[in-house]
Amino acid sequence: MQTVIRPAAVLPEHAVRLILPALERLDVARGGVWLTTPTLWQRYSRPWDGPLGSHGTSELIGSIAVVYGTPTRSSITVYRAAVTEVGVADGWTTDSLCDEAFGYAGLSLANCPRAALAAPPARDPFHTSSLTHVAE
């Protein structure tokens with residue numbers, strides 16, 4: 001199950017300062033359930049228990065797609081969330097996945113600030129009536 005979050009959720013600087021350290025403390029390699037990169041936060045069913053630090057019996061619950069440094073240098077934009085079949089079977093939704101991560105800052109997907117959407121152009125930019133035809 002995948003959800004495009006529109007308008008995108010924007011985690012403000014104060015929330016980022018709480019969420020990122022929490023996800024780092026809960027890293028799968030440290031006995032937690034999160035694996036984070038600058039573009040993706042992944043929630044697993046349990047800490048990784050496989051040989052040489054591999055995922056072993058831990059299964060991916062879902063992923064949150066993020067962009068760091070937008071719309072401001074210190075914020076994070078969340079634009080997509082997906083829950084795997086395993087996650088759905090365990091009762092997860094894209095909202096509950098985001099709510100767990102955002103909850104470290106006291107936020108949820110429902111109350112997280114949203115990206116401002118630009119208004120559409122007043123007229124069709126491809127409208128040809130404003131172009132003049134030059135006779136050859």
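How many residues does the range 16-26 hold that are in a helix (DSSP H, G or I), free of Cβ contacts under 8 Å to residues at least 60 places away in the same chain and either of a type in the set (A, V, I, L, M) or in contact with a Lys or Arg (Cβ under 8 Å, 6 or more places away or on another chain) (or both)? Residues that pass the stated criteria total 1. Kindly indicate whether any position in the range 81-91 is over 14 Å from Arg43 (Cβ atoms) and assigned to a loop (DSSP other than H, G, I, E, B). No - not one qualifying residue is present in the range 81-91.
Among residues of the range 53-74 that are in contact (Cβ under 8 Å) with a residue 60 or more places away in the chain, those with a beta-carbon under 7 Å from a residue that is part of a loop (DSSP other than H, G, I, E, B) and not acidic (Asp, Glu) at least six positions away or on a different chain give the pairs Pro71/Ala115.
Set side by side, the residues Thr57, Thr70 differ, and just one is under 13 Å from the mean Cα position of the chain (by Cα), farther than 12 Å from Leu97 by Cβ and in a loop (DSSP other than H, G, I, E, B), which is Thr70.
In the range 1-15, the residues that are under 13 Å from Val83 (Cβ atoms) form Cβ pairs under 9 Å with partners that are among the charged types (D, E, K, R) and not in a strand (DSSP E or B), at six or more places apart or across chains, as follows: Met1/Glu85; Thr3/Asp95. The residue that is surrounded by the most Cβ atoms within 10 Å (Cβ to Cβ), counting only those in the range 4-30 that are charged (D, E, K, R) and under 29 Å from Ser54 (Cβ atoms), is Asp27.
Do we have any residue at all in the range 55-72 that's in contact with a His (Cβ under 6 Å, 6 or more places away or on another chain) and at pLDDT below 95? No, because not a single residue in the range 55-72 is in contact with a His (Cβ under 6 Å, 6 or more places away or on another chain) and at pLDDT below 95.
One residue stands out among those in the range 31-45 that are under 15 Å from the mean Cα position of the chain (by Cα) and assigned to a loop (DSSP other than H, G, I, E, B): the one that is surrounded by the fewest Cβ atoms within 10 Å (Cβ to Cβ), which is Thr37.
The values are calculated or read from the model by the stated rules, or taken from the named source; none is laboratory data. Note that the coordinates shown come from a computational prediction; the quantities given were computed from them, not determined experimentally. We place every Cβ from the backbone using ideal geometry, glycine too, and count neighbours over all the protein chains shown.
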